[in-house]
Structures are given as structure tokens and as C-alpha cells.
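Structure first, then comments.
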Amino acid sequence: MSSLETKSVEYIPPLKNTFPKPRGCLFRFFWIFIIIMLVFIGLIFGRQWYDSILIRIDHNQAVHSDASVVKTGIHSQIQPTVTLVYKLHNGKKVRVIADAEEYSKFINQQVSLLEKARKQLHTKTEKQLHIALTSTFDTMRERINRFADWYFAY
């Protein structure tokens, strides 16, 4: 043979391009449009579905809230009253029907009078307690000072 040697070489096909082909701008806008429409439809029908579930739950309850209001302009001409029952000294029960507004005024006056009397009693009691405690502890003040001097000197 000749000085050149020939070798047989096997054919290796080129690697396939595994990267996706670049798509056009129109294809991307199409998918964005589809996603926006799905979200829009989902929001519209999702809200209706949610509202219908809430209404169904409300109407399936034994008692559901009624928001209806009737306005006629008619008002009661009878004054509200209060029935009072109390015992007399001989044990006999007496029932009296009183005007609710007058009764309320009377109760408020009595409450304010009782509150005023309570404050006066509190200040009087406080003064008496201060006088009683002062006279009790005045005799001990000198002994306390002597005890403190003895204790700290010890």
C-alpha cells in the first residue's frame, strides 16, 4: 500500500437543537389575552357563585334576617306606662299604673340624691376614721421612734 493509511470514520449526526423555537410576539399576546380573559370570567362567575352560596346558606337557616322595613308615619298616641306593685304596712299588695316618663324622672332624681348622700357619708366617715386613727397612733409615735433608735443602734 501507499504510505498514506486511510481510516474509516463513522458518521455522527449533529445534535438536535433541544431549545424551543423562538415564537413571535403575536403568539405571546395571544396567551396573555387568554389568561386575562380566564381571570375576568373567573372573577365574574366566581363572585356570582359565592353570592349564591351565601344566600342559600342564609335561606336554609331556621330563622334568617329580614331586612324589609315598613314606614307608615303612624305613631302611638298612648303614653307608655309602668305597673308598680308594693306592700302596705298591713301586708296588702297595691298595684299602681304610672306614666313611664314621670317615673323615669323620679328615679333619676332619687339616684342623684342617693349619690349625693353617699358622697357626704363617705367624706364624714373618712374624717371620723382619720380622727380615730390619729388618736390611737399618737400615743405610739414616741415608742416607734425609741424602738427605731434601739433597733438601728443594735
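The values are calculated or read from the model by the stated rules, or taken from the named source; none is laboratory data. It should be emphasised that the depicted structure is a prediction, and the values quoted were computed from it without experimental measurement. Backbone-built Cβ (ideal geometry, glycine too); neighbour counts: all protein chains shown. We work out accessible area using only protein heavy atoms, side chains counted, and drop any ligands, DNA or RNA first. Shrake-Rupley method; radii C 1.70, N 1.55, O 1.52, S 1.80 Å.
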**OP:** Kindly check whether there is at least one residue in the stretch 5-26 that is surrounded by 10 or more Cβ atoms within 10 Å (Cβ to Cβ) and at pLDDT 85 or above.
**Re:** no
Original post:
Can you find a residue in the stretch 55-76 that is within 30 Å of ILE107 (Cβ to Cβ) and either touching a residue at least 24 places away in the same chain (Cβ under 8 Å) or not β-branched (Val, Ile, Thr) (or both)?
Top reply: yes
Original post:
What number of residues in the stretch 57-80 are among the charged types (D, E, K, R), at pLDDT below 75 and open to solvent by less than 90 Å² (accessible area, probe 1.4 Å)?
Top reply: 0
Original post:
List, please: which pairs have Cβ atoms under 9 Å, are six or more places apart or on different chains, and start with a residue in the stretch 92-108 that is within 18 Å of ILE78 (Cα to Cα) and end with one that is hydrophobic (A, V, I, L, M, F, W, C) and open to solvent by 100 Å² or more (accessible area, probe 1.4 Å)?
Top reply: ALA98/PHE106
Subject >> Meets criteria (outside any loop (DSSP other than H, G, I, E, B) and modelled with pLDDT of 90 or more) for LEU133 >> reply: no
**OP:** Within the stretch 81-91, track down each residue that is open to solvent by less than 100 Å² (accessible area, probe 1.4 Å) and free of Cβ contacts under 8 Å to residues at least 12 places away in the same chain.
**Re:** VAL85, LEU88, GLY91
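Okay, residues lined up against (1) charged (D, E, K, R); (2) open to solvent by 70 Å² or more (accessible area, probe 1.4 Å):
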| residue | (1), (2) |
| --- | --- |
| ASP99 | yes, no |
| GLU102 | yes, yes |
| PHE106 | no, yes |
| LEU114 | no, yes |
| HIS122 | no, yes |
| GLN128 | no, yes |
| PHE137 | no, yes |
| TYR154 | no, yes |
